[in-house]
Each structure stands twice: as C-alpha cells, then as structure tokens.
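All remarks here apply to the structure that follows.
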Amino acid sequence: MLIQNKMKMKKIIALGLMLVALAACRPEAYSEIGTPYSVTTGIDGKWTLTKVEIEDRSFPQWETREVSDYFLNANAVSLEIDANSNSYQITAASLDGLPFDAMSGTYAYDDPEYPKNMYLLSPGSSDTTTVELGNMVRTIDPMMLFQEMKSSCDEVYARYIYTFNRSN
C-alpha cells in the first residue's frame with residue numbers, strides 16, 4: 001500500500017511539473033507596439049531612381065530584364081515629393097521611358113488609408129497619369145517602387161518596375 005501511494009505521488013508530481021512547464025510556454029498577453037506609421041506621408045522627401053526592370057509577360061515563361069543603365073547614366077532621374085502640399089518635382093533630362101507626363105504637378109491617392117495607385121496631375125492639363133505603388137512607403141523605408149502595367153486588348157504584356165531609393 002505504501003509503495004502504491006509513493007507511485008501515485010510520483011505521478012502527481014510529474015503531472016504537476018508538466019503543467020507548470022506548459023504554463024511557462026504560454027505567449028505573453030497582447031500589448032501595444034507603438035504608433036503606426038503613415039503609409040501616405042512616408043513618401044515625403046527626395047528619391048533617386050536606381051533601377052528599372054521590364055518584366056515581359058508575352059511568353060508563357062515571364063522574363064525580366066534590367067534596363068537601368070540609360071536612367072543612371074544618360075538620364076539620371078530624381079524625384080522630390082512634398083506630402084504637405086501633395087506635389088512632386090522631377091529632375092531628369094527627359095521623361096522618355098518614365099511613367100510621368102510632366103516634370104512637376106500634384107498627386108492624389110486612390111485610397112488615402114490604403115493606397116494602391118497614385119494619380120499624378122499635370123498643371124494646366126486635364127491628363128492624369130496613374131502609377132501603381134509597388135510598396136507602401138513609410139518614413140523609415142529606404143526604397144519606393146512604382147509599377148506600370150502595359151496592356152493590349154485587355155491583356156497585360158509587360159510590367160515596368162521603377163525602384164527609387166531615398167536620398168535625404
């Protein structure tokens with residue numbers, strides 16, 4: 001009888017230790033992680049075009065080519081965006097091959113809280129250029145991506161990816 005009680009006691013202690021070990025593995029309670037970054041004001045600042053890629057979608061196996069040399073050497077591009085006035089200013093020898101129609105203007109988002117597209121408005125013109133945002137830019141992000149889809153007969157045949165790095 002004494003041996004059986006000792007065996008039961010050992011089982012209870014072992015079970016208790018397992019329960020304590022399991023309780024110690026519980027995740028900590030949820031706590032605030034801080035103030036969220038704005039994804040619309042993070043675009044503010046000076047940006048330099050560092051990479052341009054073309055993704056050819058006309059074949060079953062998509063192919064991506066980098067064509068940055070032209071934009072880095074012959075046509076260096078910088079972009080300054082002022083989030084307070086929603087304006088932009090481009091410095092480049094030419095806008096050829098870029099998703100912009102004017103060297104300066106204002107911009108707006110399709111959705112101020114979670115933007116997917118940026119509308120570039122040229123002064124004195126009713127034309128609006130739409131650029132797809134490749135990423136949500138916060139003030140801490142060093143990189144911004146613009147995408148431009150090229151299509152014909154409602155089929156996308158190419159995607160242009162413009163990579164800008166923060167200059168300031």
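The values are calculated or read from the model by the stated rules, or taken from the named source; none is laboratory data. The model shown is predicted, which means the values in this text are computed figures rather than measured ones. Cβ coordinates were reconstructed from backbone atoms using ideal geometry, including for glycine residues, and neighbour counts include every protein chain displayed. With ligands, DNA and RNA removed, areas are computed over all heavy atoms of the protein, side chains included. Shrake-Rupley method; radii C 1.70, N 1.55, O 1.52, S 1.80 Å.
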Exercise for the section: For A102, indicate whether it is surrounded by 13 or more Cβ atoms within 10 Å (Cβ to Cβ), more than 24 Å from D141 (Cα to Cα) and more than 19 Å from the chain's Cα centre (by Cα). Expected result: yes
Handout entry: Single match in S85, S94, S38, S31 (criterion: assigned to a loop (DSSP other than H, G, I, E, B), at pLDDT 90 or above and among the small types (G, A, S))
Key = S85
Exercise for the section: Find the residue count for region 105-117, including only residues that are polar (S, T, N, Q) and either more than 23 Å from the chain's Cα centre (by Cα) or under 21 Å from Y160 (Cβ atoms) (or both). Expected result: 1
Handout entry: Single match in P112, P142 (criterion: at pLDDT below 90 and within 18 Å of Y37 (Cβ to Cβ))
Key = P112
Completion exercise
Of the residues in region 118-151 that are free of Cβ contacts under 8 Å to residues at least 24 places away in the same chain, open to solvent by 80 Å² or more (accessible area, probe 1.4 Å) and within 19 Å of T106 (Cβ to Cβ), the one that is farthest from the chain's Cα centre (by Cα) is G124
Practice task
Return the residue satisfying two criteria in turn: it lies in region 56-82 and is modelled with pLDDT of 90 or more and open to solvent by less than 20 Å² (accessible area, probe 1.4 Å), and of such residues it is nearest to Y119 (Cα to Cα).
Solution key: I81
Exercise for the section: Would you be able to say whether some residue in region 45-64 is outside any loop (DSSP other than H, G, I, E, B) and on the phi > 0 side of the Ramachandran plot? Expected result: yes
